[in-house]
Each structure stands twice: as C-alpha cells, then as structure tokens.
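The values are calculated or read from the model by the stated rules, or taken from the named source; none is laboratory data. Owing to the predicted nature of the structure, the values given are computational and were not obtained by experimental measurement. Cβ coordinates were reconstructed from backbone atoms using ideal geometry, including for glycine residues, and neighbour counts include every protein chain displayed. All accessible areas refer to the heavy atoms of the entire protein, side chains included, with ligands and DNA or RNA removed. Shrake-Rupley method; radii C 1.70, N 1.55, O 1.52, S 1.80 Å.
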Amino acid sequence: VQLRDVDRANWEACTAIRPAREQERFVAPVAFYLCLCLYEQRWRPLAICAGEAIVGFVMWAVDPADGSHWIGGLVIDARRQRQGHGRAAVAALLERFRAAGATEAALSYQPENERARALYASLGFRETGERADGEVVARLGLR
Ligand SMILES: CC(C)(COP(=O)(O)OP(=O)(O)OC[C@H]1O[C@@H](n2cnc3c(N)ncnc32)[C@H](O)[C@@H]1OP(=O)(O)O)[C@@H](O)C(=O)NCCC(=O)NCCS
C-alpha cells in the first residue's frame with residue numbers, strides 16, 4: 001500500500017471508508033477523524049491506497065510530552081479487509097516514523113478489539129498497562 005496525504009481530490013473518498021457493522025463500535029467515522037485533524041491540528045490524516053483505490057484511513061500525531069509517535073483512527077474498508085492492507089499500512093507508517101528519527105511508536109485500542117490487538121502484537125507492540133480514554137495502550141521501540 002501507499003500512504004497519501006488527504007487533499008481536495010481524495011477527502012470525500014476517504015469518508016466512504018467503512019468498517020464492518022460489528023466493528024463500528026471500535027472506531028469513529030472517518031469524517032469525524034478528518035474534522036479532528038482539521039480543527040484540533042494535532043493529528044495528521046493519511047489515505048491508505050492500493051493502486052488507485054483508497055482502501056483505508058489512518059492518522060498520526062506526536063506527543064509533545066515524550067516525542068512518541070501515535071497511530072490512530074486506523075480503518076480498512078470492510079470489503080478490503082484480510083488482504084494485508086492493515087498490516088502494510090502500519091508497517092509503512094512505522095517506516096516513516098523511523099525515517100523521521102522517532103524513537104517510539106504508540107497506539108491504543110479497545111480491549112475487546114481482538115483483530116487490532118493481534119495485528120499490533122504481531123508487529124511488536126507491547127501493552128504497557130497505561131490506559132487512554134478507556135483504551136489499552138501499546139508501545140513499540142523504534143531503535
Ligand atoms: C484491524 C484492521 C485495521 C485490520 O486490517 P486488515 O487489512 O483486515 O488486516 P490484515 O489483512 O493486514 O491482517 C493483519 C493481521 O490482523 C489480524 N487479523 C485480521 N483479520 C483478522 C480476523 N478476522 N481474526 C483475527 N485476526 C485478524 C491478524 O493478526 C492478521 O495477521 P495475519 O495476516 O498473519 O493473519 C481492520 O480489521 C479494521 O479496519 N477493523 C475495524 C476498525 C478497527 O478496529 N481499527 C483499529 C482501531 S485500534
């Protein structure tokens with residue numbers, strides 16, 4: 001996959017990305033994430049592309065307190081799941097973080113989100129015992 005900036009040409013296609021109905025409790029709608037990025041100016045949005053198709057959405061932010069690079073709002077469209085896109089998108093983002101000199105990546109997920117937990121654990125994220133907004137926090141050292 002490729003991670004592309006969200007812009008005038010693709011923002012609307014991003015809002016059409018939807019998880020499966022039973023996954024809706026794990027994430028907010030992409031339109032909400034885009035507003036968060038626009039108005040709070042903390043998170044930065046990225047479109048996850050496979051060829052010309054937009055298959056997912058993710059955003060990232062740097063915690064000014066400790067410099068850790070956070071991943072948030074990851075959603076792969078229900079019709080494009082289980083094709084390796086989620087894993088590839090997180091791996092590509094971690095590569096960007098490393099290239100930017102980041103020392104640690106972080107993210108959070110709802111404790112019952114087994115798919116997310118398995119994906120992140122297989123990439124090396126380890127739960128720290130912290131909680132953020134009721135979610136489990138996991139971190140990965142980048143060097
Ligand atoms: C979690 C999510 C992003 C995974 O995306 P995906 O493209 O389907 O994942 P991949 O195909 O790259 O699979 C990566 C890993 O995820 C896990 N996984 C994916 N689907 C799974 C399933 N049905 N059951 C169990 N584990 C699963 C596995 O560990 C898998 O590794 P494998 O390829 O070795 O089996 C996707 O299911 C999604 O958008 N879910 C709804 C939104 C959400 O929960 N986002 C995360 C918020 S923290």
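Starting from residues that are open to solvent by less than 40 Å² (accessible area, probe 1.4 Å) and in a helix (DSSP H, G or I), keep the ones in region 99-137 and report whichever is farthest from the ligand (Cβ to nearest atom).
Per the criteria, the residue is Tyr120.
Against the conditions (1) surrounded by fewer than 19 Cβ atoms within 10 Å (Cβ to Cβ); (2) under 11 Å from the mean Cα position of the chain (by Cα), where does Leu93 fall short? Just the number, please.
Condition (1) is where Leu93 drops out.
Quick one: is Leu46 more than 10 Å from the ligand (Cβ to nearest atom), farther than 23 Å from Glu130 by Cβ and either under 16 Å from the mean Cα position of the chain (by Cα) or aliphatic (A, V, I, L, M) (or both)?
yes
Can you pull out every residue in region 20-53 that is in contact with a helix residue (DSSP H, G or I) (Cβ under 9 Å, 6 or more places away or on another chain), surrounded by fewer than 21 Cβ atoms within 10 Å (Cβ to Cβ) and outside any loop (DSSP other than H, G, I, E, B)?
Result: Arg21, Gln23, Phe26, Ala31, Leu34, Arg44, Ala50, Ala53.
Any residue in region 94-118 that's touching a residue at least 40 places away in the same chain (Cβ under 8 Å): show its pairings with residues that are of a type in the set (Val, Ile, Thr) at Cβ separation under 8 Å, as long as the two are six or more apart or on different chains.
Taking only residues 6 or more apart or on different chains, the pairs are Ala102/Val62; Ala106/Ile71; Ala106/Val137; Tyr109/Val136; Gln110/Val136.
Pull up region 63-76, narrow it to residues that are farther than 17 Å from Leu119 by Cβ and in contact (Cβ under 8 Å) with a residue 24 or more places away in the chain, then point me to the one that is surrounded by the most Cβ atoms within 10 Å (Cβ to Cβ).
So the residue we want is His69.
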